[in-house]
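The values are calculated or read from the model by the stated rules, or taken from the named source; none is laboratory data. On a predicted model such as this, the values are computed, not experimentally measured, just so you know. Ideal geometry is used to build each Cβ from the backbone, glycine not excepted, and the neighbour counts take in all protein chains shown. Protein only, heavy atoms only, side chains kept; ligands, DNA and RNA dropped before computing areas. Shrake-Rupley method; radii C 1.70, N 1.55, O 1.52, S 1.80 Å.
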Amino acid sequence: MTQKSKWLIRLSFLAYLIYIYLTVFRQGDYFSFLLLNTFLGYLPIEAAMHIDYKKPTFIFVLLIILWLLFYPNAPYLLTDLFHLSHIDPYNETTGLMSFNLHMWLTFTNLVVSALSCTILGTWSLEYVSNQIMEKLKLNSLWLRNIIVFIFILASSVGVYIGRFLRLHTAYLFLNPDGVINDLVEMWNPRMLIFVTFMTIIQMVVWITLRCYLKANSSFEHQKVQETGKANEQ
């Protein structure tokens, strides 16, 4: 990712967060949680932008750990879509969906937060996995995919912890003993089924992104070849 693209993403998120603060948070709206959740969802994206396999090993590993701690915050925003249940979209008289622009604005805010953090968070997953492979000087597609799967699985557990145990990353530093105790006691079949669901969702997003990147790479390669042939002629 170029520096120009990085700053475009940063400024876009900053503008969006300011918008949410002014139009939702300051109004004391029920959906004020979007401000904090979107900010937390952005943190792994920002962390990934600073990861480079050329950096010293200690700094590289530290950034990977920091990214991994915050990464579950990105797909976590998908679970915020359940808050749409607080909106009654149907007209009681006709039974049809209401044309209420405020309702649709709220829907837009939730979807924008969820999609932007999930998609760019998945980009960070792909990028970080590639950087790890570069750092280890390995070129195994299977190993890279295993790393991605492990991160996704860990992220799904993290989403469960955030959604149902209501624990944030900061609690690891503020109350480590309490967090560890909750983490030990949380394992049960229902929890594992939820983790499986979240893993499937994230895998679908990742595979979709991979297909797009591969198709885009093939298109660029073909374009370069065609340009080279045209120059030869």
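Annotations
- Overall form of the range 71-138 per C-alpha gyration tensor (a/c, 1.5; a/b vs b/c): prolate
- Given their separation in residues at 0.36 nm each and the Cα-Cα distance between them, LEU101 and THR2 gain 31.9 nm when the chain is fully extended.
- Using R0 = 30 Å, the C-beta based FRET efficiency linking ASN181 and PHE58 works out to 0.50.
- Stretching THR208 away from LEU22 to a fully extended chain increases their span by 63.6 nm, per 0.36 nm per residue minus the current alpha-carbon distance.
- Distant alpha-carbon pairs in the range 25-139 (separation over 16 angstrom), percent: 65
- Most fluctuating residue given options ASN73, ASN145, ASN130, as computed from a GNM of the chain linking Cα atoms under 10 Å: ASN145
- For the range 79-122, the share of accessible area belonging to carbon and sulfur comes to 70 percent (1.4 Å probe, ligands and nucleic acids excluded).
- For volume of the Cα convex hull per residue in Å³, calculated from these coordinates, the label among [x] 136; [y] 110; [z] 197: [z]
- Think of it as helices only: each DSSP H run of n ≥ 4 in the chain is worth -39500 (n - 2.57), and spread over all residues that comes to -25500 deg cm²/dmol at 222 nm.
- DSSP H segments from the chain that extend 30 Å or more along their own axis, Cα-based, with Kyte-Doolittle mean of 1.0 or above: 141-164
- Once all protein chains are placed together, TRP187 keeps about 140 Å² accessible to a 1.4 angstrom probe.
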